[in-house]
1. Just a yes or no: is a residue in region 443-464 in contact with an Asp or Glu (Cβ under 8 Å, 6 or more places away or on another chain) and of a type in the set (Ser, Thr, Tyr)?
2. Checking residue 567 against (1) among the acidic types (Asp, Glu); (2) at pLDDT below 85; (3) surrounded by 12 or more Cβ atoms within 10 Å (Cβ to Cβ); (4) in a helix (DSSP H, G or I), which test does it fail?
3. For residue 135, state whether it is more than 20 Å from residue 294 (Cβ to Cβ), over 16 Å from the mean Cα position of the chain (by Cα), assigned to a helix (DSSP H, G or I) and at pLDDT below 90.
4. How about region 138-153: which of its residues are within 20 Å of residue 119 (Cα to Cα) and either in contact with a His (Cβ under 8 Å, 6 or more places away or on another chain) or not in a helix (DSSP H, G or I) (or both)?
5. Would you call residue 150 aromatic (Phe, Trp, Tyr) and buried (at least 19 other Cβ atoms within 10 Å of the Cβ)?
6. Across region 57-93, what is the number of residues that are touching a Gly at 6+ places or on another chain (Cβ under 8 Å) and surrounded by fewer than 16 Cβ atoms within 10 Å (Cβ to Cβ)?
7. Looking at (1) in contact with a Ser or Thr (Cβ under 9 Å, 6 or more places away or on another chain); (2) part of a helix (DSSP H, G or I), find the lone condition where residue 32 falls short.
8. Assess whether residue 81 counts as being under 27 Å from residue 183 (Cβ atoms), part of a helix (DSSP H, G or I) and out of contact with any Leu (no Cβ under 9 Å at 6 or more places or on another chain).
Amino acid sequence: MVNLATLALSAGSLLATAEEEGHGVELSDGGLLAQYAWLMVVLPFVAALFITLYGKRTPRGGAWIAVGTVGFVLVYGLVLLISHWATPIAHTENINIATIGQFDIEWGVVVDGLSIMMFFVVGAIATASFTYAVSYMEGDIRETAFWASFSLFAGAMLVLVSAANILQMLVGWELVGLASYLLIGHYWEEKENSSAAMKAFLVNKVADVGLIIGVLIPALIVGSFRFHDILGAAVEGNPGLVKYGFIIGLLLFIGAMGKSAQFPFHVWLPDAMAGPTPVSALMHAATMVTAGVYLLGRMFPFYNSVAIDVLPIVMWIGGITMLIAGLLAIVQDDIKRVLAYSTVSQLGYMVAAMGAGAYTAGLFHLFTHAFFKSLLFLGAGSVIHAVHSNNMSDMGGLRKYMPTTFWTFGIGSLALAGFPLLAGFFSKDEVLASLNYASSHGTPSATFVMWIGIVTAFITAFYMARAVFLTFFGEYKGDPAHEPHESPRLMTVPLQALAVGAIVAGYFNVPGIFTPFTDWLSGREFAPGDHHAESFDILVLVLGSLAGLIGIAIGYSFFFADGESQEARDRRFRLPGPIHTLLVNKYYIDDFYMLIVNFIKRPLANAANWLNGLIDAAVSGTGILMSVLGKFVYEGLDQRGIDASINAIGGGTGEAGGALRYIQTGKVQQYAAVLFIGVLLLAVGFFIVTSR
């Protein structure tokens, strides 16, 4: 068994203070600011409903209503973050909806370090993406539907990160999946887009089976859905949670693997590029794919208490994912697919950090990654908007036409590559340093994952250098009749704002110097048991930085050449045939899945066809039987029985009437005589009877 004793939590019930790295952190309830945090969650849903009902009657299909809503989330989240920085907040509001047996079905909002950080990230990236989309989506055939779904997307993520209980989190989890399905398939007229939406939905549903079971087991053991109760029971060593902790932790992680696109569930995310580019920016930076990492962060005290043996699995899945996705990015021609695979790879860093026990490092990389990844996607959208193509083979030389897009995209690329003093440099180094720290504190295999991370840093720098040089340098290879131009201000201003974030975000957690991010995360009712280096790991810092710089240099040597043709560049950089084929075919993982699906699909189709035939035969047979029975009842009983009897009575009555009418002569004298005779006969009869 892997010994991760250094990660263990100090046991105890819910406390007014949380022990974090050896010192007490006084927690505040946040006052009115925390009590009204539910407004951030509710307003995007109100906007989505309003736009759905009345969007076509409002300017731009309700675009500015949506922007205003997420802008409110940004401002409120920022104020909460500043307040939390001054005095850590831990506050929960719950509303009881129903009681089923021992379970209270509640809707609640948790306001603590983790949720506040996510409020700010979702608000910031959503505001940039929504503002950008006002221009990007202008004239779209279904603009109103887009804004309604986009608002739903942001609201669903806010439900997820604000949930005070695991059942509510599951509701947010599924709403995020629904909204992503609608947005990925926004241009559903093209089969490729609708297929991508369905693929994302189904792959996530497979992983969600694990999540749902993993949610129900601890709830049944503890008798509550509240995170408060489940984490408290885990910290106190609840026997049921101790017994089933490994299974629960693994099932929850399977759910996280699906949403955060970890191997082998990573296949859906690159195809999700079928949606509009602003959707990709928000999805890859602050919603959907970050949900799995958030789940690991929220449940981290559980893992460190009763599911500690799952953490090495988490770490290795992250390590494998970061490498295989990074390699796939090298051979992509679609600029959005390059960025999509880079997201999968960077999520691998976050997951690996969580598996190494480095709670802060994993979430800090999520924080910095949000800025430079949204910047890169929006920058790619700006380029696509100008050249009307996703393929880098149709680009080249664009820095002359699009200077703002060029320098902002360049900053985002350098940050992603871990260039010194940019955001990715600090967070990536912290992940690598934490892996190195874990290797000497109970997890020797973390050394191998650290080296995978260093190799991946080189690969990341290489493919981003390739993307920058193919897109912005050399000669323009697009339609010569169409000269590219810079995007409108509504698109470039968000790029500039995010570029600032891609530069400064890393300075919020400089080990041993300035660590407000660590302080932000410290405000929790249960200490997460963080496991990370207290200061810079110089060796890892140097190795990671060198890997990135060498990757950029090699990318420069292969792909930088103004005025050079694409063919000449390709001649300089050629992967060996089998490797290139393997990467182009994505390791044949999709083909393997299709093999399984087809293997299962045919027997299932045959079984369904047989069952359908059986049901049809039963229905048809029943119909025929009912028809025969109905005919018998109609002809035998109704026509020949009931109808014949009624007709006979009617006929007899008619015949009797016909016979009697002969005595109806109309002569009064005859009637009087008959009456007299009748009375006489009655009198005689009466006399005879009474005389006896």
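1. No, there is no match, as no residue in region 443-464 is in contact with an Asp or Glu (Cβ under 8 Å, 6 or more places away or on another chain) and of a type in the set (Ser, Thr, Tyr).
2. Of the numbered conditions (1) among the acidic types (Asp, Glu); (2) at pLDDT below 85; (3) surrounded by 12 or more Cβ atoms within 10 Å (Cβ to Cβ); (4) in a helix (DSSP H, G or I), the odd one out for residue 567 is (3).
3. No.
4. Once the filter is applied, which keeps residues that are within 20 Å of residue 119 (Cα to Cα) and either in contact with a His (Cβ under 8 Å, 6 or more places away or on another chain) or not in a helix (DSSP H, G or I) (or both), region 138-153 yields only 149.
5. In short, yes.
6. 2
7. The number of the failed condition is (1).
8. So residue 81 does not fit the description; no.
The values are calculated or read from the model by the stated rules, or taken from the named source; none is laboratory data. Here the structure is a predicted model, which is why all the values come from computation and not from measurement. With ideal geometry, Cβ positions are generated from the backbone for all residues, glycine too; neighbour counts draw on all protein chains shown.
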